[in-house]
Amino acid sequence: MRTRSEQKAATRERLVDAVGLVVAARGLEGATVGGIAAAAGVTTGALYASFASKADILQAYLTERSTDLSSVPVDAVAADLGERLEAALQADPLAGRLVVELLAAGTRDEVVRARLAEAVLASVDELARRLEAEGVGTVLGARETALLLQVLVAGTVALRELLGPELPPSLLTSATGLLA
């Protein structure tokens, strides 16, 4: 028998998984709190016991479901960034749609924009810190390089949804190589 805290943690995990699926399938506006709760197999009361809002669940998804490359040396990631991204998107086929939806929603919704910007800038700052710590030389400064890589990855994800095989993963890897 699971403890109350274990049950709450399991519910939270189901909700974080569900928000990604529902937003990718229905769009941010179409993803209701009730729909997210239903997809997770819980009540809306259980949802609100874990999260204050839909934006909070999205924040958790962005923070917890991002591919963690923190233990991989930056130059190893850069050597095959496009292929790593392609593998991550194939492992989670809805991830690309979710990114596109969140980017679009961020242009319409101030709360989503603020949460998304916070997540992206935290990622940029972490990558910049790693570039400096690992002594990776770049054409631009560490933060500018990290920001440009974020732009390249987001653009690749968004356009991959539209262009499919016309946008080979090797293009992102090649673009990354130009920054060294």
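Does V42 count as of a type in the set (V, I, T), under 27 Å from S5 (Cα atoms) and either touching a Gly at 6+ places or on another chain (Cβ under 6 Å) or part of a loop (DSSP other than H, G, I, E, B) (or both)?
yes
Out of V151, V99, which single residue is modelled with pLDDT under 85 and of a type in the set (A, V, I, L, M)?
V99
Among L163, L149, L171, L102, which is the only one that is outside the structural domain of V22 (by TED's automatic domain parsing), crowded, with 19+ Cβ neighbours inside 10 Å, within 19 Å of G82 (Cα to Cα) and among the aliphatic types (A, V, I, L, M)?
Being outside the structural domain of V22 (by TED's automatic domain parsing), crowded, with 19+ Cβ neighbours inside 10 Å, within 19 Å of G82 (Cα to Cα) and among the aliphatic types (A, V, I, L, M) holds for just one of L163, L149, L171, L102, which is L149.
List every residue pair whose Cβ atoms sit under 6 Å apart, with the two residues 6 or more apart in sequence or on different chains, where the first one lies in region 1-26 and is farther than 15 Å from T43 by Cα and among the small types (G, A, S) and the second, anywhere, is exposed (fewer than 15 other Cβ atoms within 10 Å of the Cβ) and at pLDDT 90 or above.
Listed pairs, sorted by first residue: none to list.
Need at least 2 residues that are free of Cβ contacts under 8 Å to residues at least 12 places away in the same chain and of a type in the set (D, E, K, R) per element, so show me which helices (runs of 4 or more DSSP H) inside region 92-180 make the cut, counting only ones lying wholly within it.
Passing ranges, in order: 110-133.
Let's see how each residue does on (1) of a type outside the set (S, T, Y); (2) within 18 Å of L94 (Cα to Cα); (3) surrounded by fewer than 18 Cβ atoms within 10 Å (Cβ to Cβ); (4) assigned by TED's automatic domain parsing to the domain that holds T107:
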| site | (1), (2), (3), (4) |
| --- | --- |
| A9 | yes, no, yes, no |
| L15 | yes, yes, no, no |
| A31 | yes, yes, no, no |
| T44 | no, no, yes, no |
| L47 | yes, no, no, no |
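With the checklist (1) under 13 Å from V153 (Cα atoms); (2) assigned to a helix (DSSP H, G or I); (3) under 12 Å from the mean Cα position of the chain (by Cα) in hand, flag the one item G82 doesn't pass.
Here G82 meets the rest and fails (3).
The values are calculated or read from the model by the stated rules, or taken from the named source; none is laboratory data. Remember, it's a predicted structure, so these values are computed and weren't measured experimentally. Because the Cβ atoms are built from the backbone with ideal geometry, glycine has one as well, and the counts that use them run over all protein chains shown.
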